[in-house]
Amino acid sequence: AISKGWNKFNNGISNLEFVSEYLPINSDLGRVSKLEEMSWQNRHDMYHIAIDALEDREYDKAQFHFQELLRNGINFLTKTHQQQIFKNLGLSHYYKNEFNTASEYFRIAMKLDSLDTDSMLKEVEIRQGQGDYNECADLLKSALRLTPSNPILYRQLGEVSELKGDVTYAIKAYSRALILEPKLIDARINLAHVYYNEGNDMMSIIKSLDK
């Protein structure tokens, strides 16, 4: 039951696949004690309670159970689910406007999975709100080296570039996002906004020359 990730909320059928990480380190099934088995069962249940609490916007409850998991050990989870604990802790603090703590967890999640664009975009959003545009641009460019066909990353890079005052790069980023995903409405709106502002600036210059 432990090796298959049993939990009472799914009628004995877990959505976690069987992997070797479920087993205690340096042990086998024949050496798992009853106490260890109950501990594993409780921790597995705790994972699902934390996930459900986050989905129900019970952020304090979610944080409590995720932290309990970290204190008691998470080797029974897959590497992906281990990474999601840090990502979800980041989200729970983010939604409570505890941005510095959220940022710490997002950075851990990104180290565990460099392709986790969700955590990276939240980290960018936090840093963008703090005015750290250069760091935002660096994060996005690093992510694009790993996933060069992600239109959302280009859209966000365009927004950051616009905030930095680098209009030329913003236009390039928005345009690239639309090439990859023509239906990305916010990128199209942002691009139109940039061209509109550029047109107004040019008209101002022309009118000043006529005086």
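Could you sort LEU115, LEU184 by their accessible area in this structure, using a 1.4 Å probe and putting the largest first? Numbers along the way, then the final one.
On the way: LEU115 95, LEU184 20 Å².
Accessible-area ranking of LEU115, LEU184, largest first: LEU115, LEU184.
Give me the percent of accessible area attributable to carbon and sulfur for region 122-170, probe 1.4 angstrom. Write out the running numbers ahead of the final one.
Numbers: 1040 of 2320 Å².
With neighbouring chains kept in place, the figure for region 122-170 is 45 percent.
Calculate, for region 50-161, the solvent-accessible area per residue in square angstrom, rolling a 1.4 angstrom probe over the heavy atoms of the protein chains.
Per-residue value: 49 Å².
On full extension of the chain, what length is gained from TYR169 through ARG71, given 0.36 nm per residue of separation minus the C-alpha to C-alpha distance?
30.8 nm
With respect to the cross-link table entries LYS61/LYS141; LYS96/LYS183; LYS96/LYS164, which display a Cα-Cα separation exceeding 30 Å?
LYS61/LYS141; LYS96/LYS183
Which value, in debye to the nearest 20, describes the size of the charge dipole of region 70-129 about its Cα centre when Lys and Arg Cβ atoms bear +1, Asp and Glu Cβ atoms bear -1, and nothing else is charged?
With Lys and Arg at +1 and Asp and Glu at -1, about 160 debye.
If you plug each phi of region 133-144 into the Karplus form 6.51 cos²θ - 1.76 cosθ + 1.60 with θ = phi - 60°, what whole-Hz ³J(HN,Hα) values come out, in order, with x for Gly and Pro?
5, 5, 5, 4, 4, 4, 4, 5, 5, 5, 5, 5
The values are calculated or read from the model by the stated rules, or taken from the named source; none is laboratory data. Since the model is a prediction, treat every value here as computed from it, not as a measurement. Neighbour counts run over all protein chains shown; Cβ positions are idealised from the backbone, glycine included. Note: accessible area is taken over every heavy atom of the protein model, side chains too, but ligands, DNA and RNA are not part of it. Shrake-Rupley method; radii C 1.70, N 1.55, O 1.52, S 1.80 Å.
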